[in-house]
Amino acid sequence: MNGWIGRCLRINLTEGRHNIEEIDPGLLERFIGGRGLGARIFTDEVSPQVDPLSPENKLVFSSGPLVGTGAITGASCNVITKSALTGGLACAKMRGHFGAELKFAGFDLLIVEGKAEMPVIISIMDDKVRLIPALEYWGRTTVETEELFKNNLGDPWSARETYLVSIGPAGEKLLPLANLINDRFLPVGGAGIGAVMGSKNLKAIAVRGRHSLQVADGNRFMQVVTTLINKLNSAPLTQSMSQTGTAFLVGLCYQKGILPQNNFRRAPLPLRNIATDALNSAFALRSRGCFACPIACIKKADVKYSAYEGKGMAPTYLAIGSLGVNCGITDLTTIGMASMMCGEMGLDPVAAGGTLATIMELVEKKVVTPEELKIDLRFGNGEAMVEALHLMATKKGYARRLGQGGRALAKEFGRPEVFMGVKGHSLSPFDPRAIQGMGLHFATCNYGPHHLFAYTFIDELLNVHQILDPWEIGGKPLLVKEYQNTTAVMDSLGLCNWPLMGLKFNNYVPMVNSCLGTNYKADDLLFIGERIWNLERMFNLKAGFDRTHDTLPERFIKEPVPDGPAEGQVSRIEEMIPEYYHLRGWNEQGEPRPETLQALNLEV
Ligand code: SF4
């Protein structure tokens, strides 16, 4: 096959056995691969009512057909499961090299089911699949796990070619804020997935492969890839990404009042300390890219201070927003420490940062005192925040209560309105009052309020493909629908979405066709994206979500931004929802109409 391998590896941890299955070509045609194929198989095999932490829940790791072929940014592997945080479908995008290595080992898909009796690591070395006892790894951080596993291989070359995804202490303790970490320090988004992996007694998965992949028209493919690389290299925004990673967004979001401060209540503190030039002086940055990516937006950094020493990823926009400014912290070194602590402990930085911002507001409002918490969690106290992250991940001390997440915490203290999240998941650091389309996406996203499932800021903030005012709502429902569908199909092909800052979706089509030997037009692919979005929506509806969950916290609807560039703005979410539902072919309750499902050729 071209691009695809056509094989799935299924591992049952309860029975300690595995088998290799052929993938139905009809499914590849309708759902492509990656996120789409993973979601189709997951929703076919797992009940929406399943307890996320029970052996009946499954983990599907799914690489797209372009992954590993040399297609630009063809590196993405999606992890699908039922979330331990939201209770809905969870999808995490794994970057780096794991997804390509899974293909080189001979598999598009890995399905993990059941529960091991004792902690194990799955080792996939081509067709040789083993369950390795992992008691000596249990309790270790993600970095220690990777180092120990590679040392135990006893051969530096094998170690170099082996890629791991693992959980940290947070996943072992089944915290709903737990995520996965791959390639040593890359966070795999999707809070709650780490707890699902922990519930299966699965500490890590290691993969190495030597198969080669086939493309349909090699000459044409190389030609198109070269053109796209040249195009990307000359785009100003992707150049900014190459220099400082996603942190380049900090200044732009600040200028438009999008960057939240102190649990989304005030305009940001002075930019000086968190601007990208400050990033360069705070850390010696080194670039690293995912498989076949010319942008290399991942910035590695070392931190060596008395309170913390470690290596990891330099703060991204997400870390600076969620663990920094929204917790009142603008010291980049502290944010770097917090971000690396999340990586080592296997905590999702958005969910953990949102939880800390929630408790900080409760402390500010005197609902709970630092004395009761036994930790001084006030806005701006970075030292306490780093300590709290460690305590919550290891379920130690009073901070263990924080590990349940912001929504549960706010409810426990009788102040549910203080939690700034949707469907139980904290918001990514974009104030929805100052960027209306993103607010609509946050309210309607199948995976909780995460910007990586619709890059509306590319047009609302950066004005790359069209010039849209972030504070206006005109055209936003269509924009959101289109970005959601585009992201769904790109995730399914296995492509990173960030290059949309330099390329149009249409630009990818010749690369897809010359790789896969298909004749897709852009609209055909976007139609598949729409099918995938509706498939995910139907699972969540059956899991118990409804129209009432497609909204934002009252703060964004009723409290205007108090100061700064977006002063006076509120979210106009309720005005946008009816048009969005209409464009999607859903009824007033947000349910896909039968004729919509039929037109999408979707049985659910
Ligand atoms: S743009 Fe960044 S995240 Fe995307 S593939 Fe390249 S290095 Fe990875």
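Which of the following residues is in a loop (DSSP other than H, G, I, E, B), more than 16 Å from the ligand (Cβ to nearest atom), open to solvent by less than 10 Å² (accessible area, probe 1.4 Å) and not small (Gly, Ala, Ser): Pro470, Pro477?
None of the others qualify; the one that does is Pro470.
Among what's in the range 1-52 and is hydroxyl-bearing (Ser, Thr, Tyr) and not in a helix (DSSP H, G or I), pick the residue that is farthest from the chain's Cα centre (by Cα).
Checking each candidate, the answer is Thr14.
Quickly run through the range 155-199 and pick out the residues that are surrounded by fewer than 24 Cβ atoms within 10 Å (Cβ to Cβ), modelled with pLDDT of 95 or more and in a loop (DSSP other than H, G, I, E, B).
Scanning the range 155-199 gives Thr162, Lys173, Leu174.
Among the residues of the range 496-548, which ones are more than 16 Å from the ligand (Cβ to nearest atom) and of a type in the set (Gly, Ala, Ser)?
Passing the criteria: Ser514, Gly517, Ala522, Gly529, Ala543, Gly544.
Can Ala284 be described as of a type outside the set (S, T, N, Q) and at pLDDT below 90?
yes
Condition check ((1) in a loop (DSSP other than H, G, I, E, B); (2) open to solvent by 10 Å² or more (accessible area, probe 1.4 Å); (3) among the aromatic types (Phe, Trp, Tyr); (4) modelled with pLDDT of 95 or more) across all residues:
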residue	(1), (2), (3), (4)
Phe379	yes, yes, yes, yes
Val386	no, yes, no, no
His390	no, yes, no, no
Gly403	no, no, no, no
Arg407	no, yes, no, yes
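Which of the residues spanning the range 514-531 are touching a residue at least 24 places away in the same chain (Cβ under 8 Å) and part of a helix (DSSP H, G or I)?
Ser514, Cys515, Leu516, Leu525, Leu526, Phe527, Ile528, Gly529, Glu530, Arg531
Being of a type in the set (Lys, Arg) and open to solvent by 20 Å² or more (accessible area, probe 1.4 Å) is the filter; apply it to the range 101-130 and report the residue that is farthest from Ser54 (Cα to Cα).
Lys128
May I ask you to list the residues in the range 575-594 that are under 12 Å from Gln436 (Cβ atoms) and surrounded by fewer than 16 Cβ atoms within 10 Å (Cβ to Cβ)?
Across the range 575-594, the qualifying residue is only Glu575.
Would you be able to tell me the number of residues in the range 210-236 that are assigned to a loop (DSSP other than H, G, I, E, B) and more than 30 Å from Lys128 (Cα to Cα)?
Counting residues in the range 210-236 that are assigned to a loop (DSSP other than H, G, I, E, B) and more than 30 Å from Lys128 (Cα to Cα) gives 3.
Which of the residues belonging to the range 42-70 are surrounded by 24 or more Cβ atoms within 10 Å (Cβ to Cβ), in contact with a Leu (Cβ under 7 Å, 6 or more places away or on another chain) and among the hydrophobic types (A, V, I, L, M, F, W, C)?
Selection gives Val60, Phe61, Leu66.
Out of Leu202, Leu213, Leu232, which single residue is at negative phi, touching a Gly at 6+ places or on another chain (Cβ under 8 Å) and more than 16 Å from the ligand (Cβ to nearest atom)?
Leu213
Could you say which residue among Thr316, Thr355, Thr334, Thr330 is β-branched (Val, Ile, Thr), open to solvent by 10 Å² or more (accessible area, probe 1.4 Å) and either under 18 Å from the mean Cα position of the chain (by Cα) or within 16 Å of the ligand (Cβ to nearest atom) (or both)?
From the options Thr316, Thr355, Thr334, Thr330, the qualifying one is Thr316.
Taking interchain pairs and intrachain pairs at least six residues apart, which have beta carbon atoms under 9 angstrom, with the first residue in the range 140-154 and within 11 Å of Ile181 (Cα to Cα) and the second open to solvent by 80 Å² or more (accessible area, probe 1.4 Å)?
Final answer for the pair search is Val143/Lys311.
Going through Leu402, Leu391, Leu377 one at a time, which residue ends up being within 20 Å of Gly194 (Cα to Cα) and more than 23 Å from the chain's Cα centre (by Cα)?
Leu391
Within the range 70-97, which residues are away from the ligand (no atom under 13 Å from the Cβ) and of a type in the set (Ser, Thr, Tyr)?
Thr81, Ser83, Thr86 - these are the residues of the range 70-97 that are away from the ligand (no atom under 13 Å from the Cβ) and of a type in the set (Ser, Thr, Tyr).
Being touching a residue at least 60 places away in the same chain (Cβ under 8 Å) and part of a loop (DSSP other than H, G, I, E, B) narrows it down to one of Leu462, Leu440, Leu452, so name that one.
Being touching a residue at least 60 places away in the same chain (Cβ under 8 Å) and part of a loop (DSSP other than H, G, I, E, B) holds for just one of Leu462, Leu440, Leu452, which is Leu462.
Does Val350 satisfy being open to solvent by less than 10 Å² (accessible area, probe 1.4 Å) and not in a helix (DSSP H, G or I)?
In short, no.
Looking only at the range 564-574, which residues are among the charged types (D, E, K, R) and crowded, with 19+ Cβ neighbours inside 10 Å?
Within the range 564-574, Arg572 is the sole residue that qualifies.
This table checks each residue for (1) touching a helix residue (DSSP H, G or I) at 6+ places or on another chain (Cβ under 7 Å); (2) open to solvent by 10 Å² or more (accessible area, probe 1.4 Å); (3) under 21 Å from Met1 (Cβ atoms).
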position	(1), (2), (3)
Asn506	yes, yes, no
Gly517	no, yes, yes
Ala522	yes, yes, no
Phe527	no, yes, no
Leu535	yes, no, no
Asp546	no, yes, no
Thr551	yes, yes, no
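The values are calculated or read from the model by the stated rules, or taken from the named source; none is laboratory data. All values derive from a computational prediction rather than experimental measurement. For neighbour counting, all protein chains shown are included, and Cβ atoms are generated from backbone atoms with ideal geometry for every residue, glycine included. Note: accessible area is taken over every heavy atom of the protein model, side chains too, but ligands, DNA and RNA are not part of it. Shrake-Rupley method; radii C 1.70, N 1.55, O 1.52, S 1.80 Å.
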